[in-house]
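Novice: Quick one: structure below, then a few questions.
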Amino acid sequence: MKMLLTGNEAVARGAWEAGVRYASAYPGTPSTEILETIAEYKDDVLAEWAPNEKVAFEAAMGGAFAGARTLAAMKHVGVNVAADPLFTMAYIGTNGGMVLVTADEPGQHSSQNEQDNRQYARFAKVPLLEPSDSQESLDMMKVAYDVSEEFDTPVLVRMTTRVCHSKGIVEVGGRVEVPIRPFVKNVQKYMTVPSFAQKMRVKVEARMGRLLEYSDASPLNYIEWNDRAVGVVATGAAYRFAREVFGDRASYLKLGFTNPLPDERIREFCAGVEKIYVVEENDPIVEERVRMLGFACSGKDVFPPYGELTPDVLRKSLYGETLPHLDASAENVVARPPSLCAGCPHRGFFYELGKRKNVIVAGDIGCYTLGFSDPFNAMDYNVCMGASISSGHGFQQVLDMIPDDKRRVLSVMGDSTFFHTGFNSLLDVIYNGSRTVNVILDNRITGMTGHQQNPGTGFTLQGKPTKVVDIEALVRAIGIEHVVSIDPNDLTAVKNAFDWAFSLDEPSVIITRWPCVLKKFTEADKTEFPTIFKAQCRVIEETCIGCRMCLRTGCSSLVYDAATNKVRIDPAQCVGCGVCLQVCKPVAIVKEERRNG
């Protein structure tokens, strides 16, 4: 049977066909759809969102120790979080097969950095597979589980954005029911005390030697002989890009099993061509190996070391030009920077925060990162998930060392980020006694990555009702004495909360609580927020004086007409949050019952 699948859907299908029983992940573009798709196989696979990537990996690791085939999936920066257990599991090995899927993002389309996670495979000494399309994504997942169990190791599968999200026709098969292997107690295998771990280290090197032989013989690494004047060594999506540019004017060494790299296959290919190009996205890992084996090649001296190596990029690098195409003048293109949605519960919060002076705002990763831009200008830096509270703590500690420096630090993060690693950061604040203001923007869902459930939503990934973590009770339980929960659409409440928090000389927590405007509301939401979406705002044209104060809220439903010097509200976007109404001095905005129900 054939299906049209994205790479992410194919990874999920491949895991299902391979007999996976348990899967865990934390959502993050471009990996999110992997677990969402696996969750659809609920009769065969238990799929769960974890609070963060380290927990996801450890849960899958535990399931593998118990004897089942398991999967952990995350975006590239998530592997940074999961690296601790990954490196030690590489020593221990596994029982049932375990695969870690990393979704790398050349080009940084929705990420704070661009990193090449093939380096993790080399660093941790685990096998690495790199699909180049949807069919390979499915097929390589099945190979990965066989490799994991044969060589007693976790396996890393590296996807990239283009492979994750591109669709292709895929030949699919049925599920293989793999029995759960019995767990046999063996402290010398599973306990990493130094005396045992030192012996494990020796076994890792022996395993890498056996994997090198496997890599050289693997059909995932193959040669396509065409014109031998040019030879292209390529991995992942870059292979497809290179095929489009070089066509049959070059021969190819297509690498799919890339740690360890197949030395003999590389020697055979490079000895058979005249000019060698290595086409790989991000780091020159294959290029360095080719050179180490004694072959001159062109790689990052020709192609950029960052971004996607799309056909246009390759043509520009090789020939100084691209195929004929339509050009658009940058001056004629209207700038459309990302912005908070109309009715976003973060808008009122950032509107008020942007008016504060002598405040350093430590940001985090989420929709609310947009608080840095116009018209709010209410965020000074952001680094990674969970870092706002802990870095804000350190920032405040140093500010307090400076005589007469009255600046205060406000750290802000979302509810899912708080569950991810923000909770640990808040422990640091209370334990070491800094006086930061810490804000948790609880919009009742994991918003930025597409509305995944989290410990605060009341449902698991596969729709099972579960306990709702009470954020206010949680922060009080660890010793935060000054806590307040507010409606972020109420600007007076936001202002008062700021005044209260900044007047304290101790740590405080402000929780803003209002659902994401795009959320599918549950009965609990409707009960807690009975007025949500029951109204919308309208401008009284005769009263509007064109002062444009309302536009400072940054709401996309507000439209200024220069011809009439009036503002109007697009009823298709407005959800009646009322933030604009509160800043309108002429009282030219009113809230009414929704006309479309």
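Novice: For T258, enumerate residues with amide H under 5 Å from its amide H, sequence gap 5+ or separate chain, H modeled in the peptide plane.
Specialist: Those qualifying (amide H under 5 Å, at least 5 residues apart or on another chain) are L128, L129, E130.
Novice: Tell me which residues come under 5 Å, amide H to amide H, from T460 once H is placed; ignore anything under 5 positions away on its chain.
Specialist: T466
Novice: Okay, moving on. Taking a point 7 angstrom from the Cα of V333 along the C-beta vector, which residues in region 365-380 have backbone N less than 18 Å away?
Specialist: From region 365-380, the list is empty.
Novice: So what are the ³J(HN,Hα) numbers for region 455-471, from phi and the Karplus equation (6.51, -1.76, 1.60; θ = phi - 60°), rounded to whole Hz, Gly and Pro as x?
Specialist: Karplus-based 3J(HN,Hα) across region 455-471 equals x, x, 9, x, 9, 7, 4, 8, x, 7, x, 8, 5, 9, 6, 7, 4 Hz.
Novice: Follow-up. What is the order of E114, E506, fewest Cβ neighbours within 10 Å to most?
Specialist: Going from sparsest to densest Cβ surroundings: E506, E114.
Novice: Which residue, chosen from P27, F423, P530, occupies the Cα position most advanced towards the positive end of the dipole of the chain, where the dipole is computed from +1 (Lys, Arg) and -1 (Asp, Glu) charges on Cβ about the Cα centre?
Specialist: About the Cα centre, the residue reaching furthest to the positive side is P530.
Novice: Which value at 222 nm does the chain reach when only helices count, each DSSP H run of 4 or more adding -39,500 (n - 2.57), with the total divided by all residues and rounded to the nearest 500 deg cm²/dmol?
Specialist: Roughly -10000 deg cm²/dmol at 222 nm, from the helical runs in the chain.
Novice: Compute the length gained on full extension between L318 and D405: take 0.36 nm times their separation in residues and subtract their Cα-Cα distance, giving the result in nm to one decimal.
Specialist: Length gained between L318 and D405: 25.8 nm.
Novice: In a solvent-free Debye calculation with one equal scatterer on each Cα, what is log10 I(q)/I(0) for region 535-593 at q = 0.12 Å⁻¹, listed in the order of the q values?
Specialist: Treating every Cα as an identical point scatterer, log10 I(q)/I(0) equals -0.22.
Novice: When you count, for each residue, the other Cβ atoms within 10 Å and take the mean per peptide, how do 200-212, 378-390 rank with the highest first?
Specialist: 378-390, 200-212
Novice: Equivalent ellipsoid semi-axes for the chain, as square roots of 5 times the alpha carbon gyration tensor eigenvalues: give them largest first, rounded to whole Å.
Specialist: Ellipsoid half-lengths, sorted descending, are 47, 30, 23 Å.
Novice: If R₀ is 22 angstrom, what is the calculated FRET efficiency for the pair R175 and D146, using the beta carbon separation as r and rounding to 0.05?
Specialist: That gives a FRET efficiency of 0.90.
Novice: Residue by residue, what Karplus-based ³J(HN,Hα) values in Hz, rounded to whole numbers, does region 34-40 have, using 6.51, -1.76 and 1.60 with θ = phi - 60° and x for Gly and Pro?
Specialist: Here the 3J(HN,Hα) series is 4, 6, 4, 6, 4, 4, 6 Hz.
Novice: How do 22-33, 7-18, 266-277 rank on mean C-beta neighbours within 10 Å, highest first?
Specialist: Peptide ranking by packing, descending: 7-18, 22-33, 266-277.
Novice: In nm, what is the difference between 0.36 nm times the number of residues separating N358 and H325 and their Cα-Cα distance?
Specialist: That pair, N358 and H325, stretches by 6.9 nm at full extension.
Novice: By how many nm would the segment from A296 to F521 lengthen if fully extended, with 0.36 nm per residue of separation less the alpha-carbon distance?
Specialist: Residue separation times 0.36 nm, minus the Cα-Cα distance, leaves 75.0 nm.
Novice: Right, something else. Using a Förster radius of 56 Å, what is the FRET efficiency between F459 and R228 based on their Cβ-Cβ separation? Nearest 0.05, please.
Specialist: 0.45
Novice: For Cα pairs less than 8 Å apart in space and 6+ apart in sequence, what is the mean separation divided by the residue count of region 2-213, i.e. the relative contact order in percent?
Specialist: Rounded, it is 28 percent for region 2-213.
Novice: Starting from the Cα of F87, move 7 Å in the Cα-to-Cβ direction to define the label point; list residues of region 181-215 whose amide nitrogen is under 20 Å from there.
Specialist: 190-208, by backbone N distance to the label point.
Novice: Amide H to amide H, which residues 5 or more places from Y277 or on other chains are under 5 Å from it, using H placed in the peptide plane?
Specialist: G231, V232, V233, S298
Novice: At a Förster distance of 41 Å, what's the computed FRET efficiency of D487 paired with Y306, Cβ-Cβ distance as r, to 0.05?
Specialist: E between D487 and Y306, to the nearest 0.05, is 0.40.
Here, each number is a calculation from the coordinates, and none is a lab measurement. What you see is a predicted model; the values in this text were computed from it and never measured. Note: ideal-geometry Cβ built from the backbone for every residue, glycine included; neighbour counts use all protein chains shown.
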